[in-house]
Amino acid sequence: MSVKRRNTKSKQSVIEVMTAKKTAMSHAEIYEKLVGVCDRVTVYRILDRMVEDDEIHKIADVDGSVKFALCHHHENHEQHHTHSHSHVHFKCQNCLDITCLEDVLPVYQLPDSYQAKEVNFSIAGICPKCQ
Ligand SMILES: [Zn+2]
Ligand SMILES: [Zn+2]
Ligand SMILES: [Zn+2]
């Protein structure tokens with residue numbers, strides 16, 4: 001596993017597609033943009049690897065499907081901005097886009113002896129584009 005990772009070119013294409021879209025995308029949506037560049041399985045592998053490397057994170061949509069969004073680690077590197085996937089995800093009921101609201105963290109208080117491992121906080125509504 002110490003060998004330089006393959007598919008860097010395909011990975012770069014995945015990043016470009018996701019950067020252009022700005023909002024979260026499913027595997028199918030990403031693959032759709034990459035037909036002829038890489039195959040479905042390659043896209044799956046790249047996404048899995050990027051999740052492992054914390055370059056993207058998964059978002060569970062209300063309908064049970066999984067979407068992926070880019071992680072933004074380096075934008076606030078001067079402040080000690082902790083990178084968290086527990087931020088709020090906003091789903092527009094009109095265009096169905098899911099946007100990471102990375103500065104909005106849900107506040108909740110669990111009863112004693114409950115330990116949160118994963119937080120999935122989403123808000124449905126109308127995005128600025130659709131107003
Ligand atoms: Zn991350
Ligand atoms: Zn919208
Ligand atoms: Zn997010």
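A compact table of results
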quantity	calculated
Set Ser122, Ser84: member being closer than 20 Å to Thr23 by Cβ and either at pLDDT 95 or above or under 12 Å from the mean Cα position of the chain (by Cα) (or both)	Ser84
Filter result for Ile15 (assigned to a helix (DSSP H, G or I) and β-branched (Val, Ile, Thr))	yes
Qualifying strands (runs of 3 or more DSSP E) (wholly inside segment 19-131; at least 1 residues being within 16 Å of ligand 1 (Cβ to nearest atom) and touching a strand residue (DSSP E or B) at 6+ places or on another chain (Cβ under 9 Å))	56-60, 66-70, 88-92, 98-101
Given (1) hydrophobic (A, V, I, L, M, F, W, C); (2) surrounded by 13 or more Cβ atoms within 10 Å (Cβ to Cβ); (3) within 16 Å of ligand 2 (Cβ to nearest atom), index of the condition Leu70 fails	(3)
Those residues of segment 88-111 which are surrounded by 18 or more Cβ atoms within 10 Å (Cβ to Cβ) and farther than 18 Å from Ser65 by Cβ, in sequence order	Glu102
Looking only at segment 22-39, and only at residues there that are among the charged types (D, E, K, R) and at pLDDT 95 or above, the one that is nearest to Gly125 (Cα to Cα)	Glu29
Filtered residues of segment 97-112 (kept if in contact with a Ser or Thr (Cβ under 9 Å, 6 or more places away or on another chain) and among the hydrophobic types (A, V, I, L, M, F, W, C))	Ile98, Cys100, Leu105
Qualifying residue in segment 56-70 (condition: on the phi > 0 side of the Ramachandran plot and either in contact (Cβ under 8 Å) with a residue 40 or more places away in the chain or among the charged types (D, E, K, R) (or both))	no
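The values are calculated or read from the model by the stated rules, or taken from the named source; none is laboratory data. Because the structure is predicted, anything quoted here is derived from the model rather than measured. Note that each Cβ is placed from the backbone with ideal geometry, even for glycine, and that neighbours are counted across all protein chains shown.
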